[in-house]
Amino acid sequence: MTDDAIKVLVTEDIATITIDRGDARNALNRAAMSQLRDAAVAISDREDVRAVVITAVGPDFSVGADLKEVSGMKSDGSLLRARRDAELGQKLLTAIKDIHQPTICALRGVAMGGGACIAAACDFRIATSDARLGLGEVKVGMNLMWNALPLFIELVGLSRAKQLAMSGDLMTIQRLEDWGLIDEVCTSEELENTAMRWARQYADLPPVAVQMIKRSANQYALALSEATMHMDHDQWVLAARSDDFRESLSAFIEKRPAKTTGH
């Protein structure tokens with residue numbers, strides 16, 4: 001499968017899904033998100049694939065949502081359309097989380113916002129020593145969406161998940177390895193081989209047992225997430241219609257401090 005934003009390569013029994021928007025620092029526009037979701041669903045259905053690596057071209061894994069696209073969204077459109085549009089990210093993370101095979105995310109550079117959420121939806125995360133990860137939505141007046149918050153809470157615990165989501169800061173990989181979010185740190189030159197080594201380890205195990213264990217672990221850890229996180233779409237609709245959202249987004253694009261009021 002080859003298209004503008006996502007490339008899929010299957011070598012023997014390992015699939016590599018690559019985000020290919022390097023000229024935009026792999027920012028996630030709607031087209032890329034839809035293509036990545038479709039790629040995850042297609043790979044999950046393949047019996048010949050035993051493990052999956054998710055990676056990206058260029059120096060950064062992904063800077064998250066394409067803010068040029070977000071800034072162009074009309075805030076005076078119908079609430080129904082806005083809520084439908086807001087569901088795509090959750091559908092993407094669900095598709096990645098529900099991939100039957102073990103998934104390894106290979107991170108370099110910046111993994112911000114939606115990029116960090118994609119990493120959290122994978123089973124394991126490998127990162128270069130100079131990489132950084134953060135959830136910057138709060139700094140542009142947005143809530144953390146995509147039903148992603150339970151993933152981070154399960155990975156690092158409540159207090160540390162709050163630090164990630166509420167501060168918006170980029171965290172060092174060394175700190176996130178200590179927190180348990182990163183499974184192995186390597187050099188940039190070693191990233192591909194390290195991710196493939198992890199993939200090969202799980203691809204060589206009996207696939208039925210491995211995939212049953214993965215599904216049971218995820219169901220246990222995230223049993224309440226769908227029941228408790230259904231409102232984050234509506235929180236986004238509310239936030240996107242606030243004065244603070246418009247001001248924060250403009251300030252980010254113009255590279256100046258935002259003047260927020262709570263309105």
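The values are calculated or read from the model by the stated rules, or taken from the named source; none is laboratory data. Just so it is clear, the model here is predicted, and its values are computed rather than measured. Reconstructed Cβ throughout: ideal geometry from the backbone, glycine too, with neighbour counts over all protein chains shown.
For every residue, the table says whether it meets (1) among the aliphatic types (A, V, I, L, M); (2) touching a Gly at 6+ places or on another chain (Cβ under 8 Å).
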{"residue": "Asn26", "(1), (2)": "no, yes"}
{"residue": "Met33", "(1), (2)": "yes, yes"}
{"residue": "Ala40", "(1), (2)": "yes, no"}
{"residue": "Ile43", "(1), (2)": "yes, no"}
{"residue": "Asp48", "(1), (2)": "no, no"}
{"residue": "Val53", "(1), (2)": "yes, no"}
{"residue": "Pro59", "(1), (2)": "no, yes"}
{"residue": "Lys68", "(1), (2)": "no, no"}
{"residue": "Gln90", "(1), (2)": "no, no"}
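Quick check on Arg197: is it touching a residue at least 12 places away in the same chain (Cβ under 8 Å) and surrounded by fewer than 16 Cβ atoms within 10 Å (Cβ to Cβ)? In short, no.
Here is the figure for segment 191-225: residues that are among the aliphatic types (A, V, I, L, M) and over 21 Å from the mean Cα position of the chain (by Cα) total 7. Answer yes or no: is there a residue in segment 160-167 that is closer than 23 Å to Ala95 by Cβ, of a type outside the set (S, T, N, Q), touching a helix residue (DSSP H, G or I) at 6+ places or on another chain (Cβ under 9 Å) and surrounded by fewer than 21 Cβ atoms within 10 Å (Cβ to Cβ). Among the residues of segment 160-167, at least one is closer than 23 Å to Ala95 by Cβ, of a type outside the set (S, T, N, Q), touching a helix residue (DSSP H, G or I) at 6+ places or on another chain (Cβ under 9 Å) and surrounded by fewer than 21 Cβ atoms within 10 Å (Cβ to Cβ), which makes the answer yes.
One line per residue, one yes/no per condition, for (1) modelled with pLDDT of 95 or more; (2) touching a helix residue (DSSP H, G or I) at 6+ places or on another chain (Cβ under 9 Å); (3) under 18 Å from Asp123 (Cα atoms):
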residue: Asp183; (1), (2), (3): yes, yes, yes
residue: Glu189; (1), (2), (3): yes, no, no
residue: Tyr202; (1), (2), (3): yes, yes, yes
residue: Val210; (1), (2), (3): yes, yes, yes
residue: Asn218; (1), (2), (3): yes, yes, yes
residue: Ala227; (1), (2), (3): no, no, no
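Suppose the filter is surrounded by fewer than 22 Cβ atoms within 10 Å (Cβ to Cβ), small (Gly, Ala, Ser), at pLDDT 90 or above and in contact with a helix residue (DSSP H, G or I) (Cβ under 8 Å, 6 or more places away or on another chain); does Ser129 pass it? The answer is yes for Ser129. For segment 151-175, enumerate the residues that are under 15 Å from Gly136 (Cα atoms) and either modelled with pLDDT under 95 or in a helix (DSSP H, G or I) (or both). Within segment 151-175, Phe152, Arg160, Ala161, Lys162, Gln163, Leu164, Ala165, Met166, Ser167 qualify. Taking segment 247-263 as the range and being more than 17 Å from Lys68 (Cα to Cα) and loosely packed, with under 15 Cβ neighbours inside 10 Å as the test, the residues that pass are Pro257, Lys259, Thr260, Thr261, Gly262, His263. Exactly one residue out of Gly113, Gly157 is under 14 Å from the mean Cα position of the chain (by Cα) and on the phi > 0 side of the Ramachandran plot: that is Gly113. Only residues that are exposed (fewer than 12 other Cβ atoms within 10 Å of the Cβ) and either in contact with a His (Cβ under 6 Å, 6 or more places away or on another chain) or small (Gly, Ala, Ser) (or both) were counted across segment 218-246, and they come to 2. Suppose we filter segment 203-214 for residues that are in a helix (DSSP H, G or I) and exposed (fewer than 14 other Cβ atoms within 10 Å of the Cβ); how many remain? The number of residues fulfilling the criteria is 4. Would it be correct to say that Leu249 is over 18 Å from the mean Cα position of the chain (by Cα), modelled with pLDDT under 95, within 20 Å of Gly115 (Cα to Cα) and among the hydrophobic types (A, V, I, L, M, F, W, C)? For Leu249, the condition - over 18 Å from the mean Cα position of the chain (by Cα), modelled with pLDDT under 95, within 20 Å of Gly115 (Cα to Cα) and among the hydrophobic types (A, V, I, L, M, F, W, C) - is met.
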